Amino acid sequence: MKHLPTVTTLLLGGLLLGTSATAQTPGRGQIDAHMIAARQAAGMEHRNTFFNLCPITPPGAGRGGPGRGAAGRGAGAPATPDRANWYAPPFKIFDNLYWLGTRQHSSWALTTSAGIIIIDTNFAWATQPEIVDGLNKLGLNPKDIKYVIISHAHGDHDQGAAELQKISGAQVVMGAADWDMTLARKDYAGGIPAKGISVGPQGYKLTLGDTTVDIYATPGHTDGTLSYIFPVRNGGSTIMAAYSGGTLTGAFGTDGARWDEYIASQKKIQAAAAAAKAQVILSNHSEYDGAYTKARLIAAPRQVGETHPFIVGEDVVQRYFTVMQECAAAAKLANGAK
């Protein structure tokens, strides 16, 4: 029987052919080597991350997208899109972790013995229907929110912070550089939260009741991007989760220092995840970690050998960060950054 080539085989084959055909192009072989390494690390689990990050476009074309503080995410009040295209019901993921996202963006509620920690808040138009109403539907009280952690100060993740603070009196936690950007805003959808905990390069241990979130400064996507390691409970087991705070490389262009900073941050959180033996990988975009799809699979009958959809294992978690590093290295070269 003749076997059809897999997507991986086709892609890697194309990259290798491209390397041969463009061997005289400075750096092309190195670009392709990083892309091959990224695709191998992606496997079937991180394909969306690979295709969003790696420079499929010709060298020098870049990946586009908003840079730090870009208007598309950092300012203004985007019109509320058709609810049918973004609304998703809330889901209980683990005994102490709940997903409150839209189909595109993720917000999370981490419950503790002393209250709730919200991780990322989505656009302002999604805060009430997804987070506030979502908590109520799950039997949780929005007034029990004690902390709101913002991975980075872009509108798709931080516009609900002020509203949640108003409802609950919660402290907002943000990277120091992103606080500077946030407090300098004049007009912002959802309002400006009162300054709470500012996280510098040294990171921060946030403890609420019986739960500690280890917060790591991982600058790159924004100057103040934060990533996390924290425990989730599944029955009688405690499992460590790693949370990637910023994914896209945006408009880094030829600024080699920004590419290097991003790559160093991914290595930093990868090492932290390895030390914690993290078996769960989360992010603030369900398009990267498949949160919306996985959340719906939790209730589905599991076949022999299948585990909890979010428990992917240490190797898969590690490979997520390898994809980000290798794609960034390839994109840096493709953009001619030094």
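The values are calculated or read from the model by the stated rules, or taken from the named source; none is laboratory data. Predicted model only: the values in this text are computed from it and were never measured. Methodologically, a virtual Cβ is constructed for each residue, glycine included, from the backbone with ideal geometry; neighbour enumeration extends over all protein chains shown.
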| said: Quick check on region 327-338. Is at least one of its residues at pLDDT 95 or above and either part of a loop (DSSP other than H, G, I, E, B) or more than 24 Å from Ala251 (Cβ to Cβ) (or both)? | reply: no
| field | Residues (of a type in the set (A, V, I, L, M) and buried (at least 20 other Cβ atoms within 10 Å of the Cβ)) located in region 280-319 | value | Val280, Ile281, Leu282, Ala291, Ala295, Val312, Val317
| Filter result for the condition that a residue is more than 19 Å from Leu100 (Cα to Cα), surrounded by 24 or more Cβ atoms within 10 Å (Cβ to Cβ) and of a type in the set (Ser, Thr, Tyr), over Thr207, Thr212, Thr218 | Thr218
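Considering only residues that are of a type in the set (Gly, Ala, Ser) and not in a loop (DSSP other than H, G, I, E, B), look in region 243-259 and name the one that is nearest to Ala334 (Cα to Cα).
Gly256
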| task | Take region 234-291 and flag every residue that is touching a strand residue (DSSP E or B) at 6+ places or on another chain (Cβ under 8 Å), closer than 22 Å to Gln104 by Cα and of a type in the set (A, V, I, L, M). | result | Ala241, Ala242, Val280, Ile281, Leu282, Ala291
| request: Please state which of the following conditions Lys277 fails to meet, knowing it meets all the rest: (1) surrounded by fewer than 22 Cβ atoms within 10 Å (Cβ to Cβ); (2) touching a residue at least 40 places away in the same chain (Cβ under 8 Å); (3) of a type outside the set (Ser, Thr, Tyr); (4) touching an Asp or Glu at 6+ places or on another chain (Cβ under 7 Å). | output: (2)
| said: Any residue in region 116-132 that is under 16 Å from Lys143 (Cα atoms) sitting within a Cβ distance under 7 Å of a residue that is among the basic types (Lys, Arg)? List the pairs, counting only those 6 or more apart or interchain. | reply: Ile116/Lys146; Ile117/Lys146
| request: Identify, by number, the condition in (1) on the phi < 0 side of the Ramachandran plot; (2) modelled with pLDDT under 95 that Glu130 doesn't meet. | output: (2)
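Please find, within region 210-251, the residue that is farthest from Gln318 (Cα to Cα) out of those that are β-branched (Val, Ile, Thr) and within 13 Å of the chain's Cα centre (by Cα).
Step one: list which residues in region 210-251 are β-branched (Val, Ile, Thr), which gives 211-213, 215, 218, 222, 225, 229, 232, 238-239, 247, 249.
Keeping just the survivors that are within 13 Å of the chain's Cα centre (by Cα) gives 218, 222, 225, 229, 247, 249.
Working: Thr218: 16, Thr222: 22, Thr225: 19, Ile229: 13, Thr247: 15, Thr249: 19 Å.
Applying the filter and picking the extreme gives Thr222.
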| For region 231-249, which residues satisfy the criterion of being closer than 17 Å to His154 by Cα and either surrounded by fewer than 23 Cβ atoms within 10 Å (Cβ to Cβ) or of a type in the set (S, T, N, Q) (or both)? | Ser244, Thr247, Leu248, Thr249
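What number of residues within region 188-204 satisfy the criterion of being assigned to a strand (DSSP E or B) and either in contact with a Phe, Trp or Tyr (Cβ under 6 Å, 6 or more places away or on another chain) or loosely packed, with under 15 Cβ neighbours inside 10 Å (or both)?
So the answer is 1.
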| Of all helices (runs of 4 or more DSSP H) completely enclosed by region 108-187, which ones contain at least 1 residues that are surrounded by fewer than 21 Cβ atoms within 10 Å (Cβ to Cβ) and in contact with a Pro (Cβ under 6 Å, 6 or more places away or on another chain)? | 133-137, 161-168
| message | Go through (1) closer than 21 Å to Phe123 by Cβ; (2) in a strand (DSSP E or B) for Thr238 and report which single condition fails. | response | (1)
| request: For Gly27, state whether it is at positive phi, at pLDDT 50 or above and out of contact with any Phe, Trp or Tyr (no Cβ under 6 Å at 6 or more places or on another chain). | output: yes
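Answer with yes or no whether Asp260 is of a type in the set (Asp, Glu) and within 16 Å of Ser227 (Cα to Cα). If you could, list the steps in order and put the result at the bottom.
Working: of a type in the set (Asp, Glu): yes; within 16 Å of Ser227 (Cα to Cα): no.
No; evaluated as a whole, the condition is false for this residue.
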| In this structure, does Ala300 turn out to be without any contact (Cβ under 8 Å) to a residue 60 or more places away in the chain and part of a loop (DSSP other than H, G, I, E, B)? | yes
